[in-house]
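J.: Mind looking over this structure? Questions follow.
No value in this document is a laboratory result; all are computed from the given coordinates. Because the structure is predicted, anything quoted here is derived from the model rather than measured. Backbone-built Cβ (ideal geometry, glycine too); neighbour counts: all protein chains shown.
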Amino acid sequence: ARVVVLVSGSGTNLQALLDAIAVQGAPAYGAQIVAVGADRYGIEGLERAERAGLPAFVCRVPDHADRAAWDAALAEATAEYAPDLVVSAGFMKIVGEEFLARFGGRFVNTHPALLPSFPGAHGARDALAYGVKVTGCTVHFVDDGVDTGPIIAQGVVEVRDEDDETALHERIKEVERRLLVEVVGRLARDGYRIEGRKVRIP
Ligand code: GRF
């Protein structure tokens, strides 16, 4: 399967996918990353793409007349690489109608909380502030809501009394990276069906 990965930051989830493919080989893993997209310049995620010799594109909201134009441009740039699967790995923008029309049903996101708890841009921080004893991460298909699409897999992470946001988010990311690698490989190799809110992987 051809995979495009969208990033906005450090790109450690992207790196985990790249490392898995390097170790297993694209045929055995079932997926190859064909391009990396970002919503901003100057992030480590783009440096990781460059080091891996991958094509990259940057689609910034301010460079477009409005949000819909940005969304259409992002969809166009992504479609250039004919992906079978698009993975949002720390991509911090909500895509719009055009992107979902083109990639809905084959667009997954990873979120650093146990959805439906703590959706949005600060999953780890919100869980810590709330005082939950366990949190975790969720890999799900993206729908037209914010972190509301059908859940594919989740991983549980304990919250420790001494945690601050960074410590907790790092502990979540250790689980998240493994979960994302496992899910992307399975979707790519085994295929899947989305039935309402359920995801069936044979
Ligand atoms: C991940 O925890 C992702 O779930 C969240 O931001 C983090 C991105 O980390 N949205 P990285 O850029 O993959 O290192």
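J.: Report Rg (one decimal) and Dmax (nearest whole number) for region 93-139, counting Cα atoms only, units Å.
T.: For region 93-139, the Cα radius of gyration and maximum Cα-Cα distance read 13.0, 39 Å.
J.: What area, in nm² and to one decimal, does the C-alpha convex hull of region 54-131 cast on average over all directions? Kindly include the intermediate steps, with their values, before the conclusion.
T.: Working: hull surface 25.3 nm².
Its Cα hull, projected and averaged over all orientations, spans 6.3 nm².
J.: Amide H of residue 114 versus every other amide H placed in the peptide plane: which residues, excluding those fewer than 5 positions away on the same chain, fall under 5 Å?
T.: 136
J.: Collect residues whose amide H, placed 1.01 Å from N in the peptide plane, falls under 5 Å from the amide H of residue 152; neighbours closer than 5 in sequence don't count.
T.: 139, 140, 141
J.: In addition: So what is the orientation-averaged projected area of the chain, using the convex hull of its C-alpha atoms, in nm²? Don't skip to the answer; put the middle values down first.
T.: Values: hull surface 44.2 nm².
Over all viewing directions, the chain projects a mean Cα-hull area of 11.0 nm².
J.: If you don't mind, another one. Which percent, nearest 5, of DSSP beta bridges in the chain are antiparallel?
T.: The antiparallel fraction comes to roughly 45 percent.
J.: Over the chain, what is the relative contact order in whole percent, taking alpha-carbon pairs under 8 Å and six or more residues apart?
T.: 20
J.: If you don't mind, another one. Skipping prolines and chain starts, which residues have an amide H placed within reach, meaning under 5 Å, of the one on residue 92, given they are 5 or more residues away or on another chain?
T.: 8
J.: Using the Karplus curve 6.51 cos²θ - 1.76 cosθ + 1.60 with θ = phi - 60°, work out ³J(HN,Hα) for each residue of region 99-104 in order, rounded to whole Hz, and write x for Gly and Pro.
T.: 5, 5, 4, 7, 10, x
J.: While we're on this one: I need the calculated FRET efficiency for the pair residue 193 and residue 92, taking r as the beta carbon distance and R₀ as 22 Å, to the nearest 0.05. Walk me through the intermediate numbers first.
T.: Numbers: r = 29 Å, r/R0 = 1.33.
The computed FRET efficiency comes out at 0.15.
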